[in-house]
Structure formats: structure tokens, C-alpha cells
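Here the structure comes first, spelled out in C-alpha cells, and everything after it is commentary.
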Amino acid sequence: MSTRREAREVAMQALYAFEQGGGDASHVLQTVVRDRLGDDAEAVEFATRLFLRTLDRTEEGDRLIAAHADNWDLSRIALVDRIVLRMAICEFTAFEDIPPKVTINEAIEVVKKYSTERSGQFVNGILDAVLAQLRSEGAVRKVGRGLVGMDSGNGPSTEA
């Protein structure tokens with residue numbers, strides 16, 4: 001059985017393949033996601049949703065990354081770092097059941113494994129700033145087990 005981290009890693013690899021090769025998303029899903037995750041239906045489903053939703057939200061993710069990557073041109077940010085940042089931003093806004101802290105921790109672990117030595121710190125800083133902006137805009141809504149009664153997954157709600 002695969003873990004969600006493995007599914008995230010495979011989704012990142014699929015997004016990388018798509019970015020590098022372009023082409024057809026369904027082909028990338030078959031050759032990367034389904035081939036690597038095999039019979040684990042839950043992992044395949046999660047990786048597929050993350051891949052497709054991240055693709056749909058690439059422009060929004062890039063806009064947020066660029067806004068918070070001080071002194072960095074978006075094109076100069078390592079591709080793996082950009083992809084992981086896009087995925088995390090997508091999780092913040094489109095995966096209501098995943099706490100933001102989990103998303104950030106997972107993103108850091110994935111870039112530590114696949115990118116540069118300093119990528120973890122870079123990704124953490126960008127995601128903290130993006131999350132603060134999204135929360136201030138009311139764009140982060142988290143629900144589900146462990147999140148009920150929480151204010152965007154960041155502590156007990158003060159609202160009645």
C-alpha cells in the first residue's frame with residue numbers, strides 16, 4: 001500500500017513529465033501515476049486528483065509564488081520547487097480535508113528529496129507567506145475529522 005507522500009511524489013513526477021514533455025494529461029496519468037502506484041486505488045485517485053487540480057490551477061499558483069518570491073523571477077525557481085509549490089497551493093484551496101501544516105510539511109519533505117539542499121527552507125518561506133495571504137482572503141476552508149471547529153486549520157475558532 002502506498003502512502004499519501006508517495007502519491008504526492010508521483011503526482012510531482014507526473015507534473016514534471018507534463019511540464020517537460022507537454023502533450024496529453026491522460027497519457028502522463030497512465031504512464032506515470034497508474035504505472036508507478038499500481039493497484040493502490042486510493043493512492044492513484046489522490047495522485048490523479050492532485051495532478052489534475054494542480055494543472056487547472058497553475059496560473060493561480062504561479063501568480064501567488066511570484067508575489068511572494070522576493071527577488072526571484074519565477075522562471076529562475078527550480079522546476080521541482082515550482083511544481084511542489086503549485087501542488088501545495090492547490091492543496092490549501094482545493095483539498096478541504098488536508099490541514100495546511102500537513103501540506104507544508106509534506107512539500108518540504110518532497111523538495112528535500114528531489115531538489116536542492118536549500119529548497120526546503122525556500123519552499124517553507126513561500127508557503128507560509130502564501131498561506132497567510134490565502135487565509136486573509138478567506139480562500140482556505142478546511143473541514144473534516146480533526147478540523148471541525150478549527151479556524152482554517154490554525155487553532156480553535158473564536159466564531160460562534
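Derivation of every value follows stated rules applied to the coordinates shown; laboratory data play no part. It should be emphasised that the depicted structure is a prediction, and the values quoted were computed from it without experimental measurement.
Annotations for the structure displayed:
- Sum of -39500 (n - 2.57) over DSSP H runs of 4+, divided by residues of the chain (222 nm, nearest 500): -20000 deg cm²/dmol
- Cα gyration tensor category, rounded, prolate or oblate, for segment 13-94 with a/c compared to 1.5: prolate
- With contacts taken as Cα pairs under 8 Å at a separation of at least 6 residues, segment 4-89 carries a relative contact order of 34 percent.
- Rounded, prolate or oblate (a/c below 1.5 giving rounded, otherwise prolate when a/b exceeds b/c) for segment 58-145 by Cα gyration tensor: oblate
- Whole-percent pair-distance distribution, where bins are 10 Å wide, for the alpha carbons of the chain: 11, 40, 35, 13, 1, 0
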